[in-house]
C-alpha cells in the first residue's frame, strides 16, 4: 500500500467526500463534480507569470498575477469545480524592452478575455443555416475529424485551396501556420487588419530597403513632428512610444523637446502636442514637402543629403519648387508663416524626427505622403541615429509574404477557410461584400474564442485557449532597437475544453491521409518555442531589420498629388474621418466590458457610438449633443448621435471605430454604429490597401437625442460659459 | 347626542369624535392605499438598493432630502402659532393652536422618516444615536447629520409634549361625556384630570415653560437642518444666510400649511363658527410678512452671489436663473413672492379662498425652494468635468406623494379621536363664539361669491 | 518616522491614455455598471482623466488631468460622516471603512473633487468575470461609498514584505496600480516624509500646484503643470 501523502490524501478525500455528498443528494443533476487541483498554490500568495498581450500588433510582454481561486471548469468535456491558479491582473513586464514594466489601457483590460461570459467553452458545429449563429457542442474528436476530412478532400482535389485568415502578427505562431500551409501545398496565409500600415511598409521598402514599420527613438529626440500618427494612443507600438515619450518629457537637462502634431482632427496624441496644426485631410505629405522646401531653400540642408529617399520624390533635386510655403498654405490650410517657422525649427533643433501613420496613408496618395516624410527624415539625417528613426532587427527566419484579403477575394474562392481572430465582415466596408464571398466558401472553420460577425458564418468552431492559458510568442516589428522575441508559457491552466490553435493544426497535420511532407519538425507549439528565434545578422544603420520581400525596385520618382476622394464635394460636403478608438482599436476589443465603460479620452463617451462635428456644422444641421444624425456616403449610411467637438473643422466629421457590432458577445452586440461599413471601396493604388480616410459623406438630422449617447463628463471647458447655464 | 349640559361648544367640537360619516371612511381608505403604495415603493427600494431612485454621481441627494427639509419646515407652524402667540397673549390663536401643533407633530414624524429612507443601508439608521455600540464608537459629533438627530428628536419630544399637555383637559371632558370603552380609553388618557385649581395652575405653568423653551428649539432645529447644507463647500450651499433663511422659510411654509389645514377642517367638520375669516385674515397677514421676509433673504443672497461673481457660484446661479432649473426657479418666485404679495396686501383679497389659494402656491413654492437649494448646487460643483444631472424616478415620486397622503391621513385620524380645537382654551378665552354681527358676517360671505 | 503617503501627477507627460483608469478597476474590484446605469450617472471611475478643451478650432488645446481621491489633510468628507466611515489614518490616508458606512452620501456632497462613488446596487459580475477579482480588496455591498484608497492593500503588502525581509521600505517599493501601469510614468507615489523620495521631492517642484488649492482641503496630490515650448536661445 503506498504511503499516504498529501496528494493521495486529497484525492481520496475528494472522491469519498464527493461520493458521500452525492449519496446524500437525491437528484443526479444537482451533483457538482469537484476535480482534483492540478497545482499547489498557497491561497492568498501571488505568483507572477510572464505572458504576451495579443490585443494589438505591438506584442508587449506582460506579467500576470496568479492567485489561487475556485473556478467552474471543463475537464474532458465535463463541467466541475476546481481550485487552480487564476490570473487576476496584468502588469507590464519590467524586463521587457517594449513595455518596461508599464501597460496600456487595453493590456490592463486583456485579462477579461479569459473570463468573458460569452467565451466558447468547447468545439461546436453549425446546426442551423450559415450566419444564424446556431451551433451545437461536439467533442474534439469529432471536430478534428471534420476538419481533417475537409483538408484531406481539398488536398486530394489538386492544389489545396486552403486559406488561413488572421491578422498580421510577426512571430513563431504565424511561422508555424505558414509552414503547415506550405506543406499542404496551399497558398501563403492571408492577413487582414483594417488599420494595418501596409502603405508605410511599402514606402519604407522603397526609401530605406526595409519592408517594415519604423521604430522611433522618442526618448532622445529633441523635435518630433507627427503627421497624423496617433502614436501615443493606438498607432504602431503605442505602449513603447508612450514609455519613450515619458522619458522624453522627463529628460534632465535644459532644453525641452518639442512635439508637433499635424492632423485634421484632434486625436488623443494631438492633445499632448506642444503645437497642434490643423491640416486638410490627405495633404500632410504636401506639408512635409513644404518643410523640406524651406529647409533646402534656407540652405540648412542640401537635397542630396536625403539620398535615395529624396530621389524618390519628384522635384526633390530642384528643391521642390511647387511646395513654397504659400503653395502649401493653399493646399493644406496651414499658414505659410507657420510652415516656414516649423521647417526652420525642425532643421535646427536636432535630433529631430518626423513620423507619418494612420489616416494620412489611407488615401489614394498615401504612398506619396509616406515617401515625402521619409525624405524629410532623411534630409535632416534622422535615419538610424539616436533620437531619430530606425528599424528593429527582425528574425533571421524568412517570413512568408502574406496575401491580402482583397487578393484572396479576387481569386477563386478557397475550399476551406480557416479563421484566426480576423473579422472582415465587421472591419471591411460593406462594399467589399465579404459576406457574399464567405457564402461561396464551402467550408469555414474558426479558431476564435468568440462568435463574431465573421465566425458566425463558420461551419466549425475550434476555440483556442485564451492567451493566458497557452504558449504565446511575439516578435514585434517595431518598438525597440534590438531584436526582441518573447516566448511565454501558459500563465494558468485552461478553464474550458479549448485547445491551442497551433497544436490543433499540428494534430490535424498528423491525421491527414497525405502526411505533411517534409514532416513538421515539432510535435507541439511548445516544442517549437523551445528553440529560440535568431535575429538576422548584425545590421548596418540604414539597413537594419527584415529585408524587403521583393527586390529593390527601380521606382520612378513619385509626385505628390492631392488625394482623390469618393463622393462629390457638393453632394457630400464632409470628409469622413473614421479613427481607431482608444478602447476598441478596430472593434476587436468591443467585447470587453471595462473598455466599453471606459470614457473615451476626448469625448468621455461610454457604451456609445458618436459622430464628432464642428460647432458650425452643428448650427447648420440644427443639432445639439446627443441628437441623431444620418451619415451617408456613396456606399451606405448609418445613424449615430452627435458630439460637438472643438477639435474638428467645419469641413470634416469623425467617428470612432469599434461599435456597431451585430454579433460580438453580450457587451458589444447591437450597440452603436460601424463607420467602416459605409466606407467607399477606394484603394491606395500601390498596395491595394483600403483608403479608409478617402470617403466623403453628407449629414442630416433624423431624431432628437434618444439617450444612446452616454457621456461620463458634464462640461467640456474648465471655465464654462456659465451664463448659459452649462458648459 | 349625549348632552350632559348645555354646552354647544363642547357639543360641536366633540361631535366629530362620536359621529363618523361615510366620507371619513372613504377618505381614510383612499389615503391609506396611497400610503401603502409609498410603503411598497420603499420596500422595493430596500430590496434592490438606492439605485431605484434618481440620485447619481454627482447629484447624490435629490427628492428624499428635499422632502426631509420640506416637512421639517412645515413643522414650524405649530411653534410659531402656539408658542409665540401664546407668549404675546394673542387671543385669536385659541381655535388655531391645536391644529397647528398637530401639523408640527405629524410633519416632524413624516420628515424624520426621510433621513432613514435616504440611507444606503437604512437598517443601520440607529448608528447615528449615541449608545455604547459594539463598534466602540460614538457617532461623529462633528457631523451635521448627528446634530440633526439630536435636534429633530428634541423638537419632536418637545412638540409632542406641547401638543399632548393641553389635550389632557379635553380628554377629561370627553371622558365625562362618553360611556363604555370610549370612556375607559379617554379616562386613561386624561391621566386623572379633575379640573382642580392646582391642576390648572400646573398646566398653565407647564405650557408657559414649554412655550418659552420650544421657540429656541424650533429655531435651532431648522438652523441645524440648514447646516446640512451650509457646512459643505458646495457652491451656493456654503452661505452664512442659510440659518435664518431656512427658519424664515420654515415658518413661511408652516403657516401656509396651517391655513390649508384649517380651511379643510372648517369645511369638513363644519367649524365655521369657530374658525372665522378673521383668523384667516390674521394668519394671512403673517403669511404676507413671511413672504416679504423670504423675498428679502432670497434677494440678499442672490445679490451677494451675483455681485461676487465667483465662477463656481455663478455656474449654479445661472443654472437656476436662466438654465435648466429656470422654470422651477421662476415658478418658485411667483408662488412665494409675487402672488402672496399681490393678493395678501389687499384686505379685500384676503378672503378665505384667496388665502388658501396663496397658501397652496406657497407650499409648492417652498417645496421647489428646497429642491433648488439641493440639486443645482450638486449638479455644478467645482470641477466642471464632474457636472451632472438629476431627474426623479418613480420610487421617489410615489414615496413623496405617499407622505402627503400620510399627513392627510394622520390628520384625519387625529381629528377623529381628539377634538381638533382645544375646547378648554376656547372656554378659557371666553370665546364661545366670536362676536360677529350678522351684517359683518354677510359682508364676509359676500367676498366668497364670484366677482366679474 | 511615520509614513505620509502622497502622490505627484505630471500633467506635462500625461497623455490621457487612461491606462490608470482600467488598472484601478482591475486592482480594486470596481464594478462595471453597464450602459443603463452609466447613462444614469452611476459609473464608478475611482480615478478619472478629466479632459478640458481650450480655444476653438483650429487653435484648440486639450488638457488632461487624472483625478483621484486627494487624501486631503483637511478633508471635508471626514467631518460630515456621521459614523466615522470616512476618517484619516495616521499615515495620512483618507480611509473609507465600508463596514461603518450607512450610505448617507454626505461625504460625496462635501467632497469638492467629486471623487467619491456610491454602490447604488449590489455589484454584479457576470460569471466567470468574478474570477478576476483581487482577493486583497473587499467587494463592497449596496449602499456603501467607495473611492480611491491609494491602493492601501499594496501599501500594507509592501510594509509586510519589508518587515518580513527585515529591511526598510525603499522609495518605489509600493506602487499603486495607476502609478505602476502609467506608460509615461506620470504618476509618482511615495512617502512625503521620506525627503529623498521622488514624491516628496516633486511635491516641492516649482511646477507643482494643488487642485482647488483655495478650498483649503490640503490635498496630498500635487499636479505638475504642463509646460510649453519656447524657442531656445541659439547663443
Stretchable slack from residue A:305 to residue A:137, in nm (0.36 nm times residue separation minus alpha-carbon distance):
54.1 nm
Residues of region A:337-369 with backbone N under 16 Å of the label point set 7 Å from the Cα of residue A:330 along Cα→Cβ are A:337
What are the equivalent ellipsoid semi-axes of chain A, built from the alpha-carbon gyration tensor (square roots of five times its eigenvalues), in whole angstrom, biggest first?
45, 30, 27
Could you calculate the FRET efficiency of residue B:349 with residue C:167 from 1/(1 + (r/R0)^6), where r is the beta carbon distance between them and R0 is 60 Å, rounded to 0.05?
0.10
Acute angle (nearest 10 degrees) that the helix A:238-249 long axis makes with the longest principal axis of chain A, alpha-carbon atoms:
50 degrees
Stretch residue B:19-residue B:309 to full length: gain in nm at 0.36 nm per residue minus the Cα-Cα span?
98.2 nm
Say R0 is 51 Å: what FRET efficiency, to the nearest 0.05, do residue A:624 and residue A:562 get from their beta-carbon distance?
0.90
Provide the packing ranking of A:697-704, A:466-473, i.e. peptides ordered by the mean count of other C-beta atoms within 10 Å per residue, highest first.
A:466-473, A:697-704
Per-residue ellipticity at 222 nm attributable to helices in the protein assembly as shown (runs of n ≥ 4 DSSP H, -39500 (n - 2.57) apiece, nearest 500 deg cm²/dmol) works out to -11500 deg cm²/dmol
What's log10 of I(q)/I(0) for region C:97-235 at q = 0.20 Å⁻¹, Debye sum over Cα points only, no solvent?
-1.35
If I model a spin label as a point 7 Å beyond the Cα along the Cα-Cβ vector, how far apart are those points for residue C:157 and residue A:615 in nm?
4.7 nm
Sorting check: for B:172-180, C:206-214, which peptide has the highest mean count of neighbouring beta carbons within 10 Å, and how do the rest follow?
B:172-180, C:206-214
Between residue A:386 and residue B:123, what is the label-point separation in nm under the 7 Å Cα-to-beta-carbon projection?
6.7 nm
State the extension gain, in nm to one decimal, for the chain segment bounded by residue A:298 and residue A:322, taking 0.36 nm per residue of separation less the distance between their alpha-carbons.
7.1 nm
Averaged over peptide A:64-70, how many Cβ atoms belonging to another chain are found within 10 Å of each residue's Cβ?
2
If you line up the long axis of helix A:336-348 against the longest principal axis of chain A, both from Cα atoms, how many degrees apart are they, to the nearest 10?
70 degrees
Indicate the gyration tensor shape class of region C:5-224 (rounded, prolate or oblate), computed on the Cα atoms with a ≥ b ≥ c the square roots of the eigenvalues: a/c under 1.5 is rounded; otherwise a/b larger than b/c is prolate and the rest oblate.
rounded
On average, how many beta carbons from a partner chain sit within 10 Å of the beta carbon of a residue in B:269-276?
0
Förster-model FRET efficiency, 22 Å R0, residue C:201 and residue C:73, C-beta, rounded to 0.05
0.70
What distance in nm lies between label points placed 7 Å from Cα along the C-beta direction at residue B:182 and residue B:289?
3.9 nm
Please rank B:371, B:125, fewest neighbouring Cβ atoms within 10 Å first, as an exposure proxy.
B:125, B:371
Between the Cα axis of helix A:140-156 and the main Cα principal axis of chain A, the angle (0 to 90°, nearest 10) is 60 degrees
Take C:229, A:692, A:594, B:424 and order them by how many other Cβ atoms sit within 10 Å, fewest up front.
C:229, B:424, A:594, A:692
Looking only at other chains, what is the average number of their beta-carbon atoms within 10 angstrom of each beta-carbon in B:117-124?
5
What do you get for Rg/Rh of the protein assembly as shown when both radii come from the Cα atoms and Rh is the Kirkwood radius?
1.06
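Any read-out appearing in this document is the output of simple, stated calculations on the displayed coordinates, not a laboratory observation. Just so it is clear, the model here is predicted, and its values are computed rather than measured. Methodologically, a virtual Cβ is constructed for each residue, glycine included, from the backbone with ideal geometry; neighbour enumeration extends over all protein chains shown.
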